[in-house]
Structures are given as structure tokens and as C-alpha cells.
Amino acid sequence: MGQAPVVYGQSSRPPRGDYSRAQEDYTCAQNFAAYTAADHDTYHRLYQRQSAQLQGLASEAFIQALPLLGAKERIPRFDDVNERLYRATRWELVAVPGLIPEVPFFSLLANRKFPVTDWIRTPQEFDYIVEPDVFHDLFGHVPLLFNPVFADYVQRYGEGGLKAAGLGACEMLSRLYWYTIEFGLIREQGGLRAYGAGILSSRGELPYAVHSPEPQRLPLELERTMRTRYKIDTYQQTYFVIDSFEQLFELTAQDFAPIYERLRGEPEFAADAREPHPA
Ligand code: PHE
Ligand code: FE
């Protein structure tokens, strides 16, 4: 599943990570010594299973960049990935104990630092995990940070988040995160491909999102997206489709303040609402 940065603190279950390790900005050192052979094996098996089904389902930019994560047999050292990532787009990975509150999350992104959870799921959670772990965060999110346009989009999102926090509009903005960075689809070479990390790190949702006749797929539109609630514990019933990362960047370049203002009085769409356009 994907990660909603805003679920922190809303869940009845406390997050799993040990937050006493974290500094004020919620980052910590990657606890590499804590990984067991079984942990590395879990990563290896998840990587193998997921990389085997990317062709024709994942965005070409994702497939191209995936090997830049390094050896698939073990959990990468974030510093090792950083040598390549910083050179490519001036982004860097920072370790965190798990989900973090929205303002520190936005601040990290605005500074081109991507928070990556350092612990990995147990073998019992191989197919489904409720919180993002190192496999979701690394495998799902990091390859596209090597793409210059997408990398700039994520930084802009962080800046937009800080602004939204001041305007009380985080919920609306978080839906854009959800339906792009986590669950976005892109049209490529005449077909649909996934670029959202929640899809790309999921065994079942990757083929479902691209091929199933069940969900609705709408062109990405700011207002429709910001008004659409989302479910964090089922496959999505609605996906929003972009034509290119340039289009995504340009569509989101405008000032959102007037949009937030206008949308405040408007009704929301359920995650599975079938109306394609705002009323
Ligand atoms: N343009 C948005 C604003 O003015 C910021 C933003 C950029 C948000 C890119 C998301 C993605 O708030
Ligand atoms: Fe995520």
C-alpha cells in the first residue's frame, strides 16, 4: 500500500518505528546493523517478485532508473544510493523511523531530502503491510527521483505543503500527493503505465491499476483530484492519469491558494464516485 503522510497521528494504532532515535527533524541514522539475514532476504524476494512484472506496467523512466538503487540482494545503504542520486538530481535520501508529521515531511521534501523508513516488514507481511517500510519507500519512490522533472515536482510539492499548512489546506493537497506520487498513472506509448509508488511496490495493485476494468481512470484535473477522498486499505477505485511528467509539473505550477479558497465550500467526491467532473 501507499503511504499517506497525513495518517500519522490519525491512526488508532501507534506507528511501529522507534521515534526515540529521531532528531528534531525526524531523521535518524539508517540502522544498518539491525538488519538480519532474514531482513535482507525479505528485501531480495520482494525486489525479485516486483521487478519481474514491471515490463509493460511501469513507467519507462522507473524501469530505466531502478538499477540505480544498487544490489537487489540486500537492503541498500542509503548513503550508497545518495552518491548516484545526488549526482543525478541533487536529491538525497534521509532515514526516518516511519511516517512523520506533515510539516516536517514537507520541509524535508522542500529541501530535496526524501525520507525513507529504515525497517523492513516481517515475512508474515510479505504481501500486505499497513505502514510504509523500506521496500515501499525505496523501491516505490526512489527510482523516479532520478528523473529531473519528477524530482522537481516532488520538491515543489514540499514547498506547496508548507504553504498549504499555513492555509489549513493540507487535506486537499494530500489528495494530490495520493493520486500522483502514490497512485499516479501515466500514458506512455499509447498505453497506461504506473508511476505512483503505492502501485509500483504492490504485487496485486500493479496489474490491477493498469489493466482491471473495475476502477475508473480520469485525466488528472486539480479540482477533481483535490476533492476526492481516498482509501488507504483497499485498491483504489479511482486513478488519475497524466500524459507526461512535464504536464504534471505545469498543471501544478499555478498558485493553489485561490483553488483552496474556492474548494472549501464544495462537496467532496467519494473514493469510488463515478461522476467524472466537478459539479
Ligand atoms: N503550485 C502549488 C501552490 O501554489 C504548489 C505545488 C506545486 C503543489 C507542485 C503541488 C505540486 O500551492
Ligand atoms: Fe509512499
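The values are calculated or read from the model by the stated rules, or taken from the named source; none is laboratory data. Since the structure is predicted, the reported quantities are computational estimates derived from the model, not experimental observations. Note that each Cβ is placed from the backbone with ideal geometry, even for glycine, and that neighbours are counted across all protein chains shown. The area values use the complete protein model at the heavy-atom level, side chains included, leaving out ligands, DNA and RNA. Shrake-Rupley method; radii C 1.70, N 1.55, O 1.52, S 1.80 Å.
Worth pointing out:
- Helix-only [θ]222 nm of the chain, DSSP H runs n ≥ 4, -39500 (n - 2.57) each, per residue, nearest 500: -10000 deg cm²/dmol
- Semi-axis lengths (Å, descending) of the ellipsoid that matches the C-alpha gyration tensor of the range 147-279: 23, 18, 13
- The string of couplings for the range 260-268 from the Karplus curve (6.51, -1.76, 1.60, θ = phi - 60°) is 4, 4, 5, 6, 3, x, 8, x, 8 Hz, one whole number per residue in order, with x for Gly and Pro.
- Here's how it looks for Trp119: its modeled amide H is under 5 Å from those of Val134, which are all 5 or more places away or on a different chain.
- Protein accessible area in the range 1-132, 1.4 Å probe - carbon and sulfur %: 50 percent
- Leu185 long-range amide H proximity, modeled H, under 5 Å: Tyr195, Phe240, Ile242
- Accessible surface of Arg227 - all protein chains present, 1.4 Å probe, nearest 10 Å²: 10 Å²
- Normalised by 2.2 N^0.38 Å, where N is the number of residues, the alpha-carbon radius of gyration of the range 11-92 equals 1.32.
- Accessible surface ranking for Thr252, Thr42, Thr122, 1.4 angstrom probe, highest first: Thr122, Thr252, Thr42.
- Average silhouette area of the range 84-186, convex hull of alpha-carbon atoms, in square nanometres: 6.8 nm²
- C-alpha center-to-center spacing [the range 234-252, the range 128-152] in angstrom: 16 Å
- Think of the range 5-263 as having a plus end and a minus end, set by charges on the Cβ of Lys, Arg, Asp and Glu; of Phe105, Pro76, Thr122, Thr122 sits farthest toward the positive end of this dipole.
- Taken per residue, the accessible surface of the range 5-263 reaches 41 Å², heavy atoms only and a 1.4 Å probe.
- Placing +1 on the Cβ of every Lys and Arg and -1 on the Cβ of every Asp and Glu, with nothing else charged, gives the chain a dipole about its Cα centre of roughly 200 debye.
- From phi via Karplus (6.51, -1.76, 1.60), per-residue ³J(HN,Hα) for the range 79-93 in Hz, x at Gly/Pro: 5, 5, 4, 4, 4, 7, 5, 5, 5, 6, 9, 6, 8, 9, 8
- Close amide H contacts of Tyr26 (hydrogens built in the peptide plane, cut-off under 5 Å, sequence separation of 5 or more or a different chain): none are found.
- Eligible lysines near Lys163 by straight Cα distance, threshold 27 Å, same-chain separation 8 or greater: Lys113, Lys231
- Only Lys, Arg (+1) and Asp, Glu (-1) charged, at Cβ; the range 92-198 dipole about Cα centre in debye: 380 debye
- Alpha-carbon spread of the range 5-263, three principal axes, descending order, Å: 52, 42, 39
- Using θ = phi - 60° and Karplus 6.51 cos²θ - 1.76 cosθ + 1.60, couplings along the range 96-107 (whole Hz; Gly, Pro as x): 9, x, x, 4, 10, x, 5, 5, x, 4, 4, 4
- Solvent-accessible area, 1.4 Å probe, carbon plus sulfur percent, for the range 189-229: 49 percent
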